[in-house]
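Chemist: Okay, here's the structure, questions in a sec.
FYI, it's all coordinate maths here, none of it is from the lab. Fair warning: this is a prediction, and the values are worked out from it, not measured in the lab. Neighbour counts are summed over all protein chains in view; Cβ atoms, including those assigned to glycine, are modelled from backbone coordinates with ideal geometry.
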Amino acid sequence: MNLLFVADPLSSFSVKKDSTLAMMLEAQAKGYAIWHCHIEDIKSVAGAIYAKSQKIKIDMAGSPWYVSTQTKEMKVAAFDAVIMRKDPPFDMSYVTATWFLSQAKLEGAKIFNDPVALRNHSEKLSLLEFLQYAPPTLISYDLKDIQDFHREHQDIIIKPLDGMGGMGIFRVKSDALNLASIVETLGDSGKRALMAQKFLPEISEGDKRVLVIGGKAVPHGLARIPQGGEVRGNLAAGGKGVACPISEKEAKVAEHIGPLLASRGLHLIGLDFIGGYLTEINVTSPTCFVEITQQTGYDVAKQWLTSLEQYLK
């Protein structure tokens, strides 16, 4: 089986903990051929969608950890499966890639996550469909709306809709210090909508990532615990990752949301919880495979590949 991974440059992978690499290794262990391309390598030629891709062999003892054995321009639909793992930002290049992949899907390509679903699913706004599980939440362009929300809840988090890895997240306490300035800066003076949520003190126990694969939750999640006075638990912001079993409440939320989003083509999602409240639904390139596997012994990549194989039957 030939698998094409659409991802960031291989040289940029964090080898010790990269979830895409964990997927590749699991697939290679099953004897599958691993191919890689960037979103910029996808194009339309005479109406068909092609990707200039390199076939790689992974050797974790080598330096670098991969060897390119072949480079070829192939129809995207010729691969047995296409794994879309390009990291944010969700910019026009990303959107264009989903348009190309949507056409490739019409040509018969099997793509995970589905490009139409990726394009339609905002990792922040998608929460609106499931607000019964979320903390008090507001999304608006308007400074007054956010000021009113703050007056009601006193201690809030403000973040941009297109942020990743904890970038652009601010806490505003009861004194409202710099609230207007934060909103004006993050919102580009009213040109960008922002998300505001009631601050959850349970963040001290971690921002917990729960992975859901093919509609089924991984039994262990990763609590990303803020360090050094930070309010952000994101690993990219210095948070400490601690694996632990998912709670009964988290499991019930996953049982509701997971199959629904899987039916829309979102094979792999990451649900983020703070204190049992759902705060985001990640779909672009959910991570934490390696940390969970290393700390618990539960093979997340194996669950992912087994689920993928079932979809391809």
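Chemist: Report, please, the projected area of region 202-302 averaged over directions, based on the convex hull of its C-alpha atoms, in nm². Show your work: numbers first, answer last.
Modeler: Values: hull surface 23.6 nm².
Mean orientational projected area (region 202-302, Cα hull): 5.9 nm².
Chemist: Using θ = phi - 60° and the Karplus form 6.51 cos²θ - 1.76 cosθ + 1.60, what ³J(HN,Hα) does each residue of region 2-18 get, whole Hz, x for Gly and Pro?
Modeler: Values, residue by residue: 9, 10, 9, 9, 8, 8, 5, x, 4, 5, 8, 5, 7, 4, 6, 8, 7 Hz.
Chemist: Pairs LYS57/LYS313; LYS216/LYS249; LYS216/LYS240; LYS144/LYS173: which are spaced more than 20 Å apart, C-alpha to C-alpha? Please report the intermediate quantities before stating the final value.
Modeler: On the way: LYS57/LYS313 25 Å; LYS216/LYS249 15 Å; LYS216/LYS240 25 Å; LYS144/LYS173 17 Å.
Flagged as over cut-off: LYS57/LYS313; LYS216/LYS240.
Chemist: No solvent, one uniform scatterer per C-alpha: report log10 I(q)/I(0) for region 168-253 via the Debye equation at q = 0.11, 0.26 1/Å, two decimals.
Modeler: Log10 I(q)/I(0), no solvent term: -0.42, -1.21.
Chemist: Relative contact order of the chain: what whole-number percent is it, with Cα pairs under 8 angstrom and at least 6 residues apart? Show your work: numbers first, answer last.
Modeler: Details: 619 pairs, mean separation 54.8, N = 313.
Relative contact order comes out at 18 percent.
Chemist: For ILE225, what residues show an amide H to amide H distance below 5 Å, using hydrogens built from the backbone and excluding near sequence neighbours?
Modeler: Under 5 Å from the amide H of ILE225 lie the amide H atoms of ASP207, LYS240, GLY241, VAL242, each far enough along the sequence or on another chain.
Chemist: Let me ask you something else. Please report, largest first and rounded to whole Å, the three semi-axes of the ellipsoid equivalent to the chain, where each semi-axis is the square root of five times an eigenvalue of the C-alpha gyration tensor. Show your work: numbers first, answer last.
Modeler: Numbers: eigenvalues 240, 97, 64 Å².
Equivalent ellipsoid semi-axes, largest first: 35, 22, 18 Å.
Chemist: Okay, next question. If you add up the charges near HIS256, with Lys and Arg at +1 and Asp and Glu at -1, over every other residue whose beta carbon is less than 12 angstrom from its beta carbon, what do you get? It would help to have the intermediate numbers written out before the result.
Modeler: On the way: positive: LYS249, LYS252; negative: GLU129, GLU250, GLU255.
Summing Lys and Arg as +1 and Asp and Glu as -1 gives -1.
Chemist: Once you have the Cα-Cα distance between GLU230 and LEU128, take 0.36 nm times their residue separation minus that, and quote the gain in nm to one decimal.
Modeler: Working: separation 102, 0.36 × 102 = 36.72 nm, distance 2.68 nm.
The GLU230-LEU128 span can extend by a further 34.0 nm.
Chemist: Between ASP41 and ALA251, take the C-beta separation as r, use R0 = 45 Å, and let me know the FRET efficiency to the nearest 0.05. Show your work: numbers first, answer last.
Modeler: Details: r = 39 Å, r/R0 = 0.87.
Calculated transfer efficiency: 0.70.
Chemist: Stretch TYR298-LEU161 to full length: gain in nm at 0.36 nm per residue minus the Cα-Cα span?
Modeler: Details: separation 137, 0.36 × 137 = 49.32 nm, distance 3.24 nm.
Net length gain for the segment: 46.1 nm.
Chemist: I've got another one for you. Order these peptides, 129-140, 103-114, 148-159, by their mean beta-carbon neighbour count within 10 angstrom, highest first. Walk me through the numbers on the way to the answer.
Modeler: Numbers: 129-140: 15.8, 103-114: 19.1, 148-159: 17.5.
For the peptides 129-140, 103-114, 148-159, the packing ranking is 103-114, 148-159, 129-140.
Chemist: Exposure proxy check: CYS37, CYS288, CYS244 ranked by fewest other beta carbons within 10 Å? Write out the running numbers ahead of the final one.
Modeler: On the way: CYS37 21, CYS288 24, CYS244 15.
If I rank by nearby Cβ atoms, fewest first, I get CYS244, CYS37, CYS288.
Chemist: Positive end of the dipole of the chain, charges at C-beta (+1 Lys, Arg; -1 Asp, Glu), about the Cα centre: which of SER285, VAL172, GLY241 has its Cα farthest in that direction?
Modeler: SER285
Chemist: When Lys and Arg each count +1 and Asp and Glu each count -1, what net charge do the other residues less than 13 Å away from ASP142, Cβ to Cβ, add up to?
Modeler: Working: positive: LYS144, LYS191, ARG192; negative: ASP145, ASP148, GLU184.
Here the charged neighbours net out to 0.
Chemist: First select every other residue whose beta carbon is under 14 angstrom from the beta carbon of THR71; then total the charges, Lys and Arg +1, Asp and Glu -1.
Modeler: On the way: positive: LYS52, LYS55, LYS57, LYS72; negative: ASP41, GLU73.
Net charge around THR71: +2.
Chemist: If eta is 1.306 mPa s and T is 10 °C, what Stokes-Einstein diffusion coefficient results for region 2-120, Kirkwood Rh from Cα pairs, in µm²/s? List each step's numbers first, then the result.
Modeler: Working: Rh = 14.5 Å.
My calculation gives 110 µm²/s for D.
Chemist: How much length would be gained if the chain were fully extended between MET60 and GLU107, taking 0.36 nm per residue of separation minus their Cα-Cα distance, in nm to one decimal? Please report the intermediate quantities before stating the final value.
Modeler: Details: separation 47, 0.36 × 47 = 16.92 nm, distance 3.52 nm.
Contour length minus the Cα-Cα distance gives 13.4 nm.
Chemist: Quick one: if you stick a label point 7 Å off each Cα along the C-beta vector at LYS16 and LYS144, how many nm between them?
Modeler: 5.2
Chemist: Okay, next question. Label THR96 and LYS173 with points 7 Å out from Cα along Cα→Cβ: what is the distance between them in nm?
Modeler: 4.6
Chemist: Dipole of the chain, Cα-centred, from +1 at each Lys and Arg C-beta and -1 at each Asp and Glu C-beta, to the nearest 20 debye? Present the calculation step by step, with values, prior to reporting the outcome.
Modeler: On the way: 34 positive and 35 negative charges, 144 e Å.
Dipole of the chain, to the nearest 20 debye: 700 debye.
Chemist: Within region 127-152, name every residue whose backbone N is under 13 Å away from a label modeled 7 Å from Cα of GLU184 along the Cβ vector.
Modeler: Those under the cut-off are 143-144.
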